[in-house]
Amino acid sequence: MKIIINHSSMQPIYEQIAGQMKAQILKGEIKEDTMLPSVRMLAKEQRISALTVKKAYDTLEAEGFITTVHGKGSFVAPTNRQMRLEERRKEVEAAFELAIRKGKSCGMSKEELTDVFQMILEEM
Amino acid sequence: MLKLRNVKKKYKDFELDCSMEVRPGMITGFVGKNGAGKTTTLKAALGLIRPDGGEVELFGKPAAVLGKAGRTRLGVVLADSGFCGYLTIRDLLPSLERMYPKFDRAAFLEKCNRFHLSDNKKIKDFSTGMRQKLHVLFALSHDARLLILDEPTAGMDVLGRDEILDMFREYMEEKEDRAMLVSSHIAGDLESLCDDIYMINDGHIIFHEETDALLGDYALLKMTREQYQKLDKSHVLRFREENYGYSCLTDQKAFYMDNYPDVTVENNGIDTLITMMIRGERV
């Protein structure tokens, strides 16, 4: 499990951690029942406060992504298909946004962009 | 683990009056200008000076009843604590073992080796930085439940600091109920290590916040005079006049980012916090 924190970002650190873990869980990169690193261990690796890690874990637990067993640790909870699909849909939206932004930056109009989209859709 | 309740101490030119707490499992940071009362507070916590009022509680009991056994569960590094300069590390070992029943000789020597502290050299011939490291390494070698460290990384270069901080983190990872109180001037150390921060000024605690909130919710706003006049100041803790207009310290970064997209918002660190809390004016 690789978490990369950007200390210069405007996004709070605990959100970055929770967000990245969530995405990896939904993509299936971290399997169900995997034990997560202890709060202190992740705090050590990332060089941040243990309370920040705890906040991230609490967020993930509240949203149903992990379960904590007192005395044992935190484990990835089973995710349902719906959440996974929703995550994939969000990725599609993001890809569209990127393509449209690129198109606009080289001067393409809405009509031109729509034409390109239709053309590719028909070909596939 | 450690509780100071309205601890008061009066000196000729200075008066201490402070309350703070270090909980098990936490690393608490302590900042303040030189002369603000950090060392006095630490000494009061350790019973090295007797307060004029208030209570000090260590490991759940009044500090006065701590006793020898209790004191061996404390790991302490103060600025002027010292081993006898004419001894080498090897000379010290027997006394250390006798004083601290949980002293781990092998682990201690391994740590000294890691930091290139020769065990056969007279301590008075160590550099200041090396002597500092020796104190810190010893504090980490007898299973102390509470570490009280006054500027443990002072004078160390960034690589040495990094290694010592990693050792602190590992120390906390080994046993869940350990705790640390660290005073430091090095913002980066505190931001990457501590769970919460107390700030002392003129003998009083003027600030206490979780590091997470400090780094995530606090920010420095920079704006022109006109922007300042139109600004909703209900979440501004301090402000300062600058040559470009005004700078403001807030604990509600998101509020200003959402409502004032034209105002520059800068991530905040402990150094800015200290400067603004002490030099800034209240709204």
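The values are calculated or read from the model by the stated rules, or taken from the named source; none is laboratory data. This structure is a prediction, so every number in the text was calculated from the model and none was measured. Don't worry about glycine lacking a Cβ; one is built from the backbone with ideal geometry, like all the others, and counts go over all protein chains shown.
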Q: Among what's in the range B:232-283 and is of a type in the set (S, T, N, Q) and assigned to a loop (DSSP other than H, G, I, E, B), pick the residue that is nearest to the chain's Cα centre (by Cα).
A: B:Asn268
Q) For the range A:46-64, how many residues are in contact (Cβ under 8 Å) with a residue 40 or more places away in the chain and either more than 9 Å from chain B (Cβ to nearest Cβ) or not β-branched (Val, Ile, Thr) (or both)? A) 6
Q. Got a number for residues in the range B:124-150 being out of contact with any strand residue (DSSP E or B) (no Cβ under 6 Å at 6 or more places or on another chain) and either farther than 20 Å from B:Leu109 by Cα or assigned to a loop (DSSP other than H, G, I, E, B) (or both)?
A. 7
Q. When the residues of the range A:46-85 are filtered to those that are among the small types (Gly, Ala, Ser) and over 25 Å from B:Leu214 (Cα atoms), which remaining residue is modelled with the lowest pLDDT?
A. A:Gly71
Q) Take the residues of the range B:172-187 that are assigned to a loop (DSSP other than H, G, I, E, B) and touching a strand residue (DSSP E or B) at 6+ places or on another chain (Cβ under 8 Å): which is surrounded by the fewest Cβ atoms within 10 Å (Cβ to Cβ)? A) B:His185
Q: For the range B:234-255, indicate whether the set of residues that are touching a residue at least 60 places away in the same chain (Cβ under 8 Å) and of a type in the set (A, V, I, L, M) is non-empty.
A: no
Q: Sort out which residues of the range A:1-32 are more than 14 Å from chain B (Cβ to nearest Cβ) and either within 26 Å of B:Glu170 (Cα to Cα) or in contact with a His (Cβ under 9 Å, 6 or more places away or on another chain) (or both), and write them in order of number.
A: A:Met1, A:Lys2, A:Ile3, A:Ile4, A:Gln20, A:Met21, A:Ile30
(Q) Let me spell it out: the conditions are (1) farther than 19 Å from B:Arg282 by Cα; (2) in contact with a Phe, Trp or Tyr (Cβ under 7 Å, 6 or more places away or on another chain); (3) away from chain A (no Cβ under 13 Å), and B:Tyr246 meets all of them except one. Which number is the exception? (A) (1)
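Quick one: how many residues across the range B:213-231 are assigned to a strand (DSSP E or B) and surrounded by fewer than 19 Cβ atoms within 10 Å (Cβ to Cβ)? Give the steps one after another, and end with the answer.
Of the residues in the range B:213-231, the ones assigned to a strand (DSSP E or B) are B:219-223.
Still in the list and also surrounded by fewer than 19 Cβ atoms within 10 Å (Cβ to Cβ): B:222.
Residues that pass the stated criteria total 1.
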Q: Only one of these is on the phi < 0 side of the Ramachandran plot and part of a helix (DSSP H, G or I): A:Met83, A:Met108. Name it.
A: A:Met83
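Wholly within the range B:1-106, which helices (runs of 4 or more DSSP H) include no fewer than the required count, namely at least 2 residues that are closer than 21 Å to B:Leu137 by Cα and either in contact with a Phe, Trp or Tyr (Cβ under 6 Å, 6 or more places away or on another chain) or outside the structural domain of B:Arg131 (by TED's automatic domain parsing) (or both)?
On the way: elements: B:38-46, B:67-72, B:89-99.
Once the helices (runs of 4 or more DSSP H) in the range B:1-106 are filtered for at least 2 residues that are closer than 21 Å to B:Leu137 by Cα and either in contact with a Phe, Trp or Tyr (Cβ under 6 Å, 6 or more places away or on another chain) or outside the structural domain of B:Arg131 (by TED's automatic domain parsing) (or both), what remains is B:89-99.
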Q | A:Lys72, sole failed condition from (1) under 30 Å from B:Arg161 (Cβ atoms); (2) within 14 Å of another protein chain (Cβ to nearest Cβ) | A | (1)
